[in-house]
Amino acid sequence: MTYKKKTWIEKLEDEDKKKKYPKFLTFDPTFPCGPALTKMGAKKGDKVVITLPTEVDEIMKKVPKGKVITLKEISRKLAKKHNVDYCCTLTGGFFVTTAANAAKEYEKKGKKRITPYWRTLKMNGYLNEKYPGGLEAHRKLLEKEGFNIVKKGKNKYFVQDFEKYLVT
């Protein structure tokens, strides 16, 4: 039997995941997302949710033109929604990438209104190299909306003063 690789849309809308998630865990710093959550203030024993890609996508869809959001704010919103202390930033990051690539697939299928994924940044306002077209495409989409993009180091870009534009 051959395996058919799932499309990004299939990954986003995965019905099997919808039956298994959200999952609620008790935080342990040894979790794969442990270092990131510890930086956000998580302590051993805090409640953590692993959510669905569609929930991440819904938050991303609500970011208006002229505003941005980071994985940190998405995680906080999802933790609040599920009445826990934190949301796993590792799976959240995977789901941001899934939503972005699914949006591009929808666009290729002719859908006019897609998730404005380019308005979702990595932690600390950095652009996401895993978005469709990579860093260069992400940069161009943000600049088209009036954001000033600054290069930092060899291959990193961030939105200048991104905090001023955050959706909270």
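The values are calculated or read from the model by the stated rules, or taken from the named source; none is laboratory data. Only a predicted model underlies this, so the values are computations on that prediction, with no experimental measurement involved. Please note: Cβ atoms are built from the backbone with ideal geometry, for glycine as well, and neighbour counts cover all protein chains shown.
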Quiz item: How about segment 115-168: which of its residues are assigned to a loop (DSSP other than H, G, I, E, B), at pLDDT 95 or above and closer than 18 Å to MET60 by Cβ?
Solution: THR115, PRO116, LYS122, LEU127, ASN128, GLU129, LYS130, TYR131, PRO132, GLY133, GLU145, PHE147
Quiz item: For segment 96-114, how many residues are out of contact with any Lys or Arg (no Cβ under 6 Å at 6 or more places or on another chain), part of a helix (DSSP H, G or I) and either without any contact (Cβ under 8 Å) to a residue 60 or more places away in the chain or under 17 Å from LYS144 (Cβ atoms) (or both)?
Solution: 6
Quiz item: Which of the residues belonging to segment 38-60 are surrounded by fewer than 15 Cβ atoms within 10 Å (Cβ to Cβ) and closer than 22 Å to ILE114 by Cβ?
Solution: none
Practice problem: Only residues in segment 1-12 that are within 14 Å of THR98 (Cα to Cα) count as the first member; pair them with residues that are at pLDDT 80 or above and exposed (fewer than 12 other Cβ atoms within 10 Å of the Cβ), Cβ under 9 angstrom, at least 6 apart or cross-chain, and list the lot. | Solution: ILE9/LYS109
Quiz item: Hey, among the residues in segment 84-136 that are acidic (Asp, Glu) and over 18 Å from ILE74 (Cα atoms), which one's surrounded by the fewest Cβ atoms within 10 Å (Cβ to Cβ)?
Solution: GLU136
Quiz item: Condition test on VAL63, is it in a loop (DSSP other than H, G, I, E, B), among the β-branched types (Val, Ile, Thr) and touching a residue at least 24 places away in the same chain (Cβ under 8 Å)?
Solution: yes
Practice problem: Can you confirm whether segment 20-35 contains a residue that is more than 27 Å from ARG113 (Cβ to Cβ), crowded, with 21+ Cβ neighbours inside 10 Å and not acidic (Asp, Glu)? | Solution: yes
Exercise. Can you tell me which residue within segment 137-168, out of those that are of a type in the set (D, E, K, R) and more than 18 Å from LEU71 (Cα to Cα), is surrounded by the fewest Cβ atoms within 10 Å (Cβ to Cβ)?
Key: LYS154
Quiz prompt | From THR26, THR70, residue being among the β-branched types (Val, Ile, Thr), more than 15 Å from the chain's Cα centre (by Cα) and at negative phi | solution = THR26
